[in-house]
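Below is one structure, written out as structure tokens; comments come after it.
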Amino acid sequence: MRGDTGFPIRVRFSKHGKVRFISHRDIARAFERAFRIAELPLAFTLGFSPRPKVSFGLALSVGFESDAEYLDLELSTDVDVEPVAASLTAALPEGIDVTGVARIADRAPALQEAVSAVQYRFEIVVDDPEVAASRIDALLAAPDLVITRSRKGKQVVEDVRPAIRTLQPCGTTDRGVLLATELSTRPTGVRPGDLGTALGLPVGRVLRTHQWIERDGARLEPLEADPRSPATAPDGAETAGPHALQARAS
Amino acid sequence: MTTLWPAIEPLLDRVEKPARYIGMERGSQQPEHRPGRAAWLLVYPDTYEIGLPNQGLQILYEILNERDDSLAERAYAPWLDMESAMRDARVPFFSVDTHRAARDFDVVAFNLSAELVYTNVLNCLDLGGVPIRAVDRGSDDPVVIAGGHCTFNPEPLADFLDAVVIGEGEEVVAQITEAIGAWKRAGRSDREALLHELATISGVYVPSMYDVEYDGMALRSVTPRYADVPARVDKRTVADLADWPYPKHQLVPLVEVVHDRLNVEIFRGCTRGCRFCQAGMITRPVRERPEEQVRSMVVDGLKRSGYDEVALTSLSSADFSGIDGLVAGLVNEQAGTGRVALSLPSLRVDAFTVGLASEIQKVRRTGLTFAPEAGSWRLRQVINKLITEEDLYAAVDGAYSQGWRRVKLYFLTGLPTEMDADTMGIAELAKTVVEIGRKHTKAASATISVGGYVPKPHTPFQWFGQNSIAELQRKIFMLRDSLRGSKAKLKWHDPEATFVEGICSRGDRRIGRVIERVWRSGGTFQEWSEHFRLDRWTSAMEAEGLDADWYVTRHRTEDEVLPWDHIAAGLHKDFLWQDWKESLAEHGLPDCRWTPCYDCGVCTDYALEHVVASPLAPAGGSQGTGQDLSTGGAVPVQLLPTRTPVKAAT
Ligand code: SF4
């Protein structure tokens, strides 16, 4: 379990340019190699084939760019995290930059469960911005947005309207308009591609701008959500922050 | 012209595995194109996942980029979805490094590791806007070159290639670069003069400099058109691998590829003399890399790449002098620093090897592979793969007892003199192997992989008529029936694809037209079973008035002029003929690394020597003709000035 043997850290990274075409799995492999190149002291799982203790946040679709991707990683020693960003960036493919590293509490909830909202900025290809605007209005005014998608080989029909918190134009491009959206990840996620389909307009470039952990009415950037308290008592008993305590209790 | 990226990028949203086309691997380069540098595009004419790990291509990529007067980029055959997107958008074949069009390069050089990629070569050229036939190319067009094992019979692609490199490329690319550079400085005017000059470089074959004459179907002669063009083109061989510690920055792909690990070549060449094995014959003599260099390439490579697996590659890695010390050293060294897996592909079949394997695979003992190649001792003598049943069973017993659950066995069928009893021997071996496994674990299983044998140029079997499709099918089904219900799982290679491999493997220049027809009918990616269609080939043969059986299943005679006779791998034709006859008499031949030279021709003609650190055969090696080399023979390795050919012991 996390924190049993090591020191968890959370890493924020971006994904821009050509490298947007690699998959979530490829990113995971690139990080594993980068950890070794940067000689980070990794904590490993026990057992027959030990793996580094790494857990990734929500997957980003192939082709999307992002300012805000996250992963959690456990180290075997409590290193200074300050230089980690630069050394990982140097070891990662061009276009993947580590933009922040924070120590997190031992029992910080996993990213996949904790992140409840994501924001995107994406391009809709359209000649007339008015067309986009009126279709957005119609989409938001409708009581539901039923889409069909395949999940584990099965076709499922879902209403994703509740997951759409905001959707509005925020600029133009040479091919169309830029939209900004904030989407819930639960109970069922919705993607910019689904929105494009619903609007009947092709989606161009997509950028994930933020991911949020929402807790007690507060909206927290994942690097700041579960900080490890700077002072650790010699016997290992932490003076943990309120969120960590809450997480532990849950 | 500069980068095509803005035109390529929109296509990538619509294709499968778009990361195939982005480059950006760790170790990749973005060389600067200048008039003073000969620009090479190194092409692997299959998918990115298959082509990227190719070590030959990576070695040349580094060497050419280190020079001031050359640069190199890479390209791979686009998959069908990407090809059609490219054709629709008028995007030409491009490099993955700076995304430049193929036509922006002075040289387009193909790596040919398998015959079934030949149609892809034409497709890449055509997609690049380069005329596919060499005669149609002019001063604006790049020079089209090929290298790799298949070029030891360059004739099937002779019409499409301006020049062909025979043998190892490390040194010869410098000479080619100089010739190309001079041509470029002279305004690329006289193509014929350039080709003529290339033809005088040792190891370079320029098909258009030779006249080919036929006598009906039979080949009469291949004659140089100029006095200074050699009648026989000798292969290039680097004398000492220690001078070439490449790749220094092995490419680390962003997507999963085959052999996705650090690969360090520990030696080149093989003298075991397996008669079916072209790679072993054409890469002689044996040249080991110094142990210290292997170690530093492993350590540096792991550090640079971030890989957690390294393979020590060669044609038979357990034969490396002092392999046990090397492995133990690496295992201990790596044990402290992290979790690095070591692997030795191409293992011999014996208990020593299993010991080695268990040393390196302390965890994850999933499968272990052996290649006995033939089902009976008699047939293994014919092919000179001198593995006894005891060797195999001891190896397998060792493997299962050490915790492996699955053993993979590779066999060939359709070998010279093979009778049904030999074929059925495969099934018997398979069953016994599973039985042995069951003594150790209930979960024991075995995978039996059977490929149809394709006779290859420059081997003692180059005269042998390949088995027909029907015959191979019959043998495979016989095996399948016999193994039904057993724990041994049979896998086989499609005999129809084997047949086409046979057409290309020993084809002559006339086969070029067939390849072109197959390509024109849409036959690309023929290595991929979902895209392979035999009828494309048979109807192309018919249309060209060629009899496929004449090329594939016919036995050749001693006096026949073979299409590759003007290409020399160093092995004398009379040695090969002699060995062919020995083979038919079921006589084995010892390994000349540890027994006296039998003068196959390679070392003697090219003033080369085996570079081997130890004069003793590695423990456990049983290759010999009834000689027991298990404790190592005390035979010095260096070649004696006067040597008498040693006849195989009988
Ligand atoms: S020339 Fe002699 S020593 Fe060299 S590979 Fe041939 S048989 Fe072996």
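Take the residues in the range B:455-508 that are of a type in the set (Asp, Glu) and assigned to a helix (DSSP H, G or I), then tell me which one is surrounded by the most Cβ atoms within 10 Å (Cβ to Cβ).
B:GLU501
Name the residues in the range A:24-34 that are surrounded by fewer than 22 Cβ atoms within 10 Å (Cβ to Cβ), more than 7 Å from chain B (Cβ to nearest Cβ) and within 14 Å of B:GLY306 (Cβ to Cβ), would you?
Those that are surrounded by fewer than 22 Cβ atoms within 10 Å (Cβ to Cβ), more than 7 Å from chain B (Cβ to nearest Cβ) and within 14 Å of B:GLY306 (Cβ to Cβ): A:ALA28, A:ARG29, A:GLU32.
May I ask you to verify whether B:ARG284 is more than 22 Å from B:CYS600 (Cα to Cα), among the charged types (D, E, K, R) and open to solvent by less than 40 Å² (accessible area, probe 1.4 Å)?
So B:ARG284 fails the test.
In the range B:281-294, is there at least one residue being touching a residue at least 12 places away in the same chain (Cβ under 8 Å), touching a Pro at 6+ places or on another chain (Cβ under 8 Å) and over 30 Å from B:LEU576 (Cβ atoms)?
Yes, the conditions are met somewhere in the range B:281-294.
Between B:VAL611, B:VAL602, which is of a type outside the set (Ser, Thr, Tyr), touching a Lys or Arg at 6+ places or on another chain (Cβ under 7 Å), within 8 Å of the ligand (Cβ to nearest atom) and not assigned by TED's automatic domain parsing to the domain that holds B:GLU213?
B:VAL602
Of all residues in the range B:308-336, which are of a type outside the set (A, V, I, L, M), within 14 Å of chain A (Cβ to nearest Cβ) and outside any strand (DSSP E or B)?
B:ASP308, B:GLN334, B:GLY336
For the range A:62-97, what are the residues that are within 14 Å of chain B (Cβ to nearest Cβ) and either farther than 30 Å from B:GLN29 by Cβ or in a helix (DSSP H, G or I) (or both)?
A:LEU75, A:SER76, A:SER87, A:LEU88, A:THR89, A:ALA90, A:ALA91
Which residue out of A:PHE7, A:PHE21 is within 14 Å of chain B (Cβ to nearest Cβ) and touching a residue at least 12 places away in the same chain (Cβ under 8 Å)?
So the residue among A:PHE7, A:PHE21 that is within 14 Å of chain B (Cβ to nearest Cβ) and touching a residue at least 12 places away in the same chain (Cβ under 8 Å) is A:PHE21.
List the strands (runs of 3 or more DSSP E) that sit entirely inside the range B:149-242 and contain at least 1 residues that are of a type in the set (Gly, Ala, Ser).
B:163-165, B:218-224
Given the conditions (1) at pLDDT 95 or above; (2) under 17 Å from B:GLY128 (Cβ atoms), which single one is not true for B:ARG26?
Answer for B:ARG26: the failing condition is (2).
Quick one: is B:SER221 within 21 Å of B:ASP141 (Cβ to Cβ), of a type in the set (S, T, N, Q) and surrounded by fewer than 20 Cβ atoms within 10 Å (Cβ to Cβ)?
no
So in the range A:35-59, with the set limited to residues that are farther than 21 Å from B:GLY306 by Cβ and either more than 22 Å from the chain's Cα centre (by Cα) or surrounded by 21 or more Cβ atoms within 10 Å (Cβ to Cβ) (or both), which one is nearest to the other protein chains (Cβ to nearest Cβ)?
A:PHE48
Considering only the range B:576-595, how many residues are within 8 Å of the ligand (Cβ to nearest atom) and open to solvent by 10 Å² or more (accessible area, probe 1.4 Å)?
1
For every residue, the table says whether it meets (1) within 14 Å of another protein chain (Cβ to nearest Cβ); (2) touching a residue at least 60 places away in the same chain (Cβ under 8 Å); (3) away from the ligand (no atom under 15 Å from the Cβ); (4) open to solvent by 10 Å² or more (accessible area, probe 1.4 Å).
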residue: B:GLY269; (1), (2), (3), (4): no, yes, no, no
residue: B:ALA279; (1), (2), (3), (4): no, yes, no, yes
residue: B:VAL299; (1), (2), (3), (4): yes, no, yes, yes
residue: B:GLY306; (1), (2), (3), (4): yes, yes, yes, no
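I need the strands (runs of 3 or more DSSP E) fully contained in the range A:117-234, keeping only those with at least 1 residues that are among the small types (Gly, Ala, Ser).
A:146-151, A:164-172, A:176-184, A:203-215, A:218-220
Residue pairs, Cβ under 7 Å, 6 or more apart or interchain, first in the range B:15-32 and within 19 Å of A:LEU92 (Cα to Cα) and at the interface with chain A (Cβ under 8 Å from one of its Cβ atoms), second of a type outside the set (A, V, I, L, M, F, W, C) and open to solvent by 40 Å² or more (accessible area, probe 1.4 Å). List them.
B:ILE22/A:LYS18; B:MET24/A:LYS18; B:MET24/A:GLU94
Across the range B:557-575, which residue is farthest from the chain's Cα centre (by Cα) among those that are open to solvent by 20 Å² or more (accessible area, probe 1.4 Å) and not hydrophobic (A, V, I, L, M, F, W, C)?
B:ASP559
Among the numbered criteria (1) under 20 Å from the mean Cα position of the chain (by Cα); (2) open to solvent by 40 Å² or more (accessible area, probe 1.4 Å), which one does B:PRO154 miss?
Condition not satisfied by B:PRO154: (2).
Going through the range A:98-133 one residue at a time, which ones are open to solvent by 10 Å² or more (accessible area, probe 1.4 Å) and within 14 Å of chain B (Cβ to nearest Cβ)?
A:GLU123, A:VAL125
Looking at B:ILE387, B:ILE426, which one is outside any loop (DSSP other than H, G, I, E, B) and either at pLDDT 90 or above or closer than 25 Å to B:HIS493 by Cα (or both)?
The match here is B:ILE426.
Look through the range B:399-412, keep the residues that are buried (at least 20 other Cβ atoms within 10 Å of the Cβ) and out of contact with any Gly (no Cβ under 6 Å at 6 or more places or on another chain), and return whichever of them is farthest from B:ARG380 (Cα to Cα).
Filtering first and then ranking leaves B:TRP404.
Please find, within the range B:525-547, the residue that is farthest from the other protein chains (Cβ to nearest Cβ) out of those that are under 25 Å from the mean Cα position of the chain (by Cα) and either within 16 Å of the ligand (Cβ to nearest atom) or surrounded by 21 or more Cβ atoms within 10 Å (Cβ to Cβ) (or both).
Among those that are under 25 Å from the mean Cα position of the chain (by Cα) and either within 16 Å of the ligand (Cβ to nearest atom) or surrounded by 21 or more Cβ atoms within 10 Å (Cβ to Cβ) (or both), it is B:TRP537.
Taking into account only those residues within the range B:368-419 that are in contact (Cβ under 8 Å) with a residue 60 or more places away in the chain and polar (S, T, N, Q), which is nearest to B:PHE352 (Cα to Cα)?
Top of the filtered list is B:THR388.
The values are calculated or read from the model by the stated rules, or taken from the named source; none is laboratory data. Fair warning: this is a prediction, and the values are worked out from it, not measured in the lab. A quick note on method: Cβ atoms are made from the backbone with ideal geometry, for glycine too, and the neighbour counts reach across all protein chains shown. Heads up: the accessible areas ignore ligands, DNA and RNA and are worked out on the full protein's heavy atoms, side chains in. Shrake-Rupley method; radii C 1.70, N 1.55, O 1.52, S 1.80 Å.
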